[in-house]
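The values are calculated or read from the model by the stated rules, or taken from the named source; none is laboratory data. All values reported here derive from a predicted model rather than from experimental measurement. With ideal geometry, Cβ positions are generated from the backbone for all residues, glycine too; neighbour counts draw on all protein chains shown.
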Amino acid sequence: MKNLEKVLKALADKNRIRILKLLQIRKMCVCELAFVLGITQPSVSRHLKKLKAACLIKDEQEGLWTNYFLNKTNNPCCCVLIKKIYEWLKTDPIVKKDLGKAKKIDRTKLCCR
């Protein structure tokens, strides 16, 4: 019950849902997510911390970057919720715009300014 409550609280924010949708396509760092979402890096970091606490995402170091990605080994209730969110948001205009923007990002130019 406690884990489900954490997951539902983590999913109760539009930016966290957008982050999950972006991480569906590939691993991303904070600066990439901030650029696509149009919010500050500290805000993205706070969202990532909540998603990680709910076991929805994981992270790994790659040189200077910390990459965030979906936790595919999560419990069954989380997997069902995430799958439904992906389904429900397929045609959402904001998500479509985010995904288009994410495909054009070059992190070496974006993160090293």
Quiz item: Identify, please: which residue in segment 49-83 is assigned to a helix (DSSP H, G or I) and at pLDDT 85 or above and is, among those, surrounded by the most Cβ atoms within 10 Å (Cβ to Cβ)?
Solution: Leu51
Quiz item: Only one of these conditions is not met by Val36: (1) of a type outside the set (Ser, Thr, Tyr); (2) surrounded by 14 or more Cβ atoms within 10 Å (Cβ to Cβ); (3) out of contact with any Asp or Glu (no Cβ under 6 Å at 6 or more places or on another chain). Which number is it?
Solution: (3)
Quiz item: Between a first residue in segment 84-113 that is surrounded by 13 or more Cβ atoms within 10 Å (Cβ to Cβ) and a second residue that is modelled with pLDDT of 90 or more and among the acidic types (Asp, Glu), which pairs have beta carbons less than 6 Å apart while being 6 or more apart in sequence or on different chains?
Solution: Ile105/Glu32; Arg107/Glu32
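Looking at Lys6, Lys58, Lys50, which is the one that is touching a Phe, Trp or Tyr at 6+ places or on another chain (Cβ under 8 Å) and in contact (Cβ under 8 Å) with a residue 12 or more places away in the chain? It would help to see each step written out before you state the result.
Working: Lys6 fails: touching a Phe, Trp or Tyr at 6+ places or on another chain (Cβ under 8 Å); Lys50 fails: touching a Phe, Trp or Tyr at 6+ places or on another chain (Cβ under 8 Å).
Matching residue, one of Lys6, Lys58, Lys50: Lys58.
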